[in-house]
1. Go through (1) modelled with pLDDT of 85 or more; (2) open to solvent by 90 Å² or more (accessible area, probe 1.4 Å) one by one and return the number of the condition PRO22 breaks.
2. So in the range 5-19, with the set limited to residues that are surrounded by fewer than 14 Cβ atoms within 10 Å (Cβ to Cβ) and over 11 Å from the mean Cα position of the chain (by Cα), which one is nearest to GLY85 (Cα to Cα)?
3. Only residues that are at pLDDT 90 or above and part of a strand (DSSP E or B): list them for the range 43-61, please.
4. Which of (1) open to solvent by less than 30 Å² (accessible area, probe 1.4 Å); (2) closer than 19 Å to GLU74 by Cβ; (3) in contact (Cβ under 8 Å) with a residue 24 or more places away in the chain does GLN45 not meet, given it meets every other one?
5. Working only within the range 62-91, note down all residues that are open to solvent by 90 Å² or more (accessible area, probe 1.4 Å), among the basic types (Lys, Arg) and at pLDDT below 85.
6. List the residue pairs whose Cβ atoms are under 6 Å apart, where the first residue sits in the range 79-91 and is closer than 11 Å to PHE39 by Cα, the second is open to solvent by 50 Å² or more (accessible area, probe 1.4 Å) and at pLDDT 90 or above, and the two are 6 or more positions apart or on different chains.
Amino acid sequence: MKVDSRRHTRARVRWPVVIQTPTGLVDGKTENLSLGGAFIRLSKQLNSSQNLPIVLDAKGRFIPCTTQIVWSEERNLSDQRKFLGIGVRFT
């Protein structure tokens, strides 16, 4: 069994996110969030560097953050659709 070694507890939240990239804005949605980072589902592939400014929409309260991409992967949904997911660390 895999042991979760994260420093911070995660909360399942579905907040809209806008990520600013050198080629434009990318929409996404958080899947879960902690004090240290987030898992974000993206609307399209990122063509960007590791460090990204993002804005979280926490029920109408806009929270600007600077993040660093820790990992990214394509995931399958139950109906055979795919999405890109990224794990970010708040910097």
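1. Failing condition for PRO22: (1).
2. Applying the filter and picking the extreme gives ARG12.
3. PRO53, ILE54, VAL55, LEU56, ASP57, ALA58, ARG61, listed by residue number.
4. All conditions are met except number (1).
5. ARG81, LYS82
6. Close Cβ pairs satisfying both conditions: GLY85/ARG41; ARG89/GLN68.
The values are calculated or read from the model by the stated rules, or taken from the named source; none is laboratory data. Values in this document were obtained by computation on a predicted structure and should not be read as measured data. Don't worry about glycine lacking a Cβ; one is built from the backbone with ideal geometry, like all the others, and counts go over all protein chains shown. The area values use the complete protein model at the heavy-atom level, side chains included, leaving out ligands, DNA and RNA. Shrake-Rupley method; radii C 1.70, N 1.55, O 1.52, S 1.80 Å.
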